Amino acid sequence: MSALPPGSVIGILGGGQLGRMLAIAAARLGQQVHIYSDATGPAFDVASRHTVGSYEDTDAVAAWAREVDVVTYEFENVPLSAVAAAAAVNPVRPGARALEVAQDRLVEKQFVASLGLPVAPFAAIDSDADLTRALQEIGTPVLLKTRRLGYDGKGQVRIKTPARAATALDEIGRAPAIVEGFVTFEYEVSVILVRGLDGHTASYDIPLNTHVDGILATSTVPGPLPAAITKQAVEFAERVAVALEYVGVLAVELFFVGADANTPLVVNEIAPRVHNSGHWTLDACAVSQFENHIRAVSGWPIASTDRQVDAVMSNLIGSDINAWQSLAAESSACLHVYGKRDARPGRKMGHFTRISPKTQS
Ligand code: AMP
């Protein structure tokens, strides 16, 4: 198991802000990055090289993969055919299995449940009859979610009463879907775990996450999760990582239902990549999630995930970015701007992390 030396080239499928922050972290370690993306993206400005091509063009993906030393991805909707084309040439870390599981909500729920981890009650929905049956079994409210291509709350409809079911399937374009029982939670948290090529794992402190309109708004550390439950959350993430023979950063989003509940933690979803709820690690830890991901996929030792300061990360969505000047003037706000030109509503344009002295270990 040899580590890729400085000067190696890490191929990243995807050119968004996660690719951008991975590229910056890679540069710090002397690694180069070659992005493959179907469109110009924020990662291009900071990557050594980029290639624009369709993810469906497996010949182009294979040709790109031949020019790099290892391949990773920065979003979970990369077609599996692209990963297979790259994997025929070079290692892909994390592997295709993690992607396969994370890009289909039904496969993901079945996989997580098969590990013995709690998930919301769920059912596959391919027809009106499936939906009627599921509503009888699970009751209301439920969430109807497309199996694929849903993120940040997109492709989801909340069904509060059985009468609502009639139009819900039309609203998601009758795409293959699942329903999920609605989890009444106290709050949401996420485990950001990194697993090295040698199987060593480490995880960051678990943030409290808040969402607005289905999009992450803030992540706060330290979070409120009780210590015993924190241990369980980390164990859940480790179980997922080991089962997927995972290499790199993995995020596991969890609902905290309550310390006295039968299942205090319910797994919402897994993300086989660096995660928005881990962006605070850039400013609150000596080694961020991005650097640890680059270390892991390069076969380097995982570095400390210790947190040095308290932190509140806030996303800058759409026109929020217009506040950049006042944020830049705040001495304890660490501002990150992704360099996207068009501040469309709902688009992640940047984030900032307010840091303060550490209050608890
Ligand atoms: P998702 O894209 O599936 O992570 O959903 C986005 C957000 O919707 C989550 O972070 C939760 O705030 C909420 N949500 C999703 N699924 C459920 C559920 N089964 N019960 C309650 N809230 C949910």
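Before moving on, here are some points about what is shown:
- Qualifying residue in region 319-332 (condition: within 30 Å of A241 (Cβ to Cβ), assigned by TED's automatic domain parsing to the domain that holds T218 and either outside any helix (DSSP H, G or I) or out of contact with any helix residue (DSSP H, G or I) (no Cβ under 8 Å at 6 or more places or on another chain) (or both)): no
- Candidates E67, E137: the one that is part of a helix (DSSP H, G or I) and of a type in the set (D, E, K, R) is E137.
- Top-ranked residue of region 140-186 - restricted to ones that are small (G, A, S) and in contact with a strand residue (DSSP E or B) (Cβ under 7 Å, 6 or more places away or on another chain), ranked as nearest to the ligand (Cβ to nearest atom): G153
- Residues being farther than 26 Å from D342 by Cβ and in contact with a helix residue (DSSP H, G or I) (Cβ under 8 Å, 6 or more places away or on another chain) - total across region 28-63: 8
- Failed item, numbered, when S114 is tested on (1) without any contact (Cβ under 8 Å) to a residue 40 or more places away in the chain; (2) within 15 Å of the ligand (Cβ to nearest atom): (2)
- Looking across region 348-361, the residues that are surrounded by fewer than 17 Cβ atoms within 10 Å (Cβ to Cβ) and either in the same structural domain as L18 (by TED's automatic domain parsing) or touching a residue at least 12 places away in the same chain (Cβ under 8 Å) (or both) come down to S356, P357, K358, T359, Q360.
- Unmet requirement for R354, which otherwise passes all of (1) over 23 Å from L22 (Cα atoms); (2) assigned to a strand (DSSP E or B); (3) among the basic types (K, R): (1)
- Scanning region 187-215 for residues being part of a loop (DSSP other than H, G, I, E, B), closer than 15 Å to F236 by Cα and away from the ligand (no atom under 16 Å from the Cβ) gives a total of 2.
- Of all residues in region 48-85, exactly one satisfies the criterion of being within 24 Å of the chain's Cα centre (by Cα), buried (at least 22 other Cβ atoms within 10 Å of the Cβ) and among the aromatic types (F, W, Y), namely Y73.
- Count of region 288-315 residues which are surrounded by 22 or more Cβ atoms within 10 Å (Cβ to Cβ) and either without any contact (Cβ under 8 Å) to a residue 40 or more places away in the chain or in a loop (DSSP other than H, G, I, E, B) (or both): 2
- Residue identified as surrounded by 15 or more Cβ atoms within 10 Å (Cβ to Cβ), over 30 Å from A62 (Cβ atoms), touching a residue at least 12 places away in the same chain (Cβ under 8 Å) and within 21 Å of the chain's Cα centre (by Cα) among L131, L106, L144, L135: L144
- Selected residue (criterion: farthest from V297 (Cα to Cα)) from residues of region 226-261 that are within 16 Å of the ligand (Cβ to nearest atom) and part of a loop (DSSP other than H, G, I, E, B): A261
- Single match in A98, A165, A177 (criterion: more than 25 Å from L216 (Cα to Cα) and not assigned by TED's automatic domain parsing to the domain that holds H211): A165
- The conditions of being within 15 Å of the ligand (Cβ to nearest atom), farther than 15 Å from I12 by Cβ and modelled with pLDDT of 95 or more are met by E108.
- Checking D260 against (1) at pLDDT 95 or above; (2) over 18 Å from V119 (Cβ atoms), the condition it does not meet: (1)
The values are calculated or read from the model by the stated rules, or taken from the named source; none is laboratory data. Quick caveat: nothing in here was measured; it's all calculated off a predicted structure. So basically every Cβ, Gly included, is an ideal-geometry build from the backbone, and we count neighbours across all protein chains shown.
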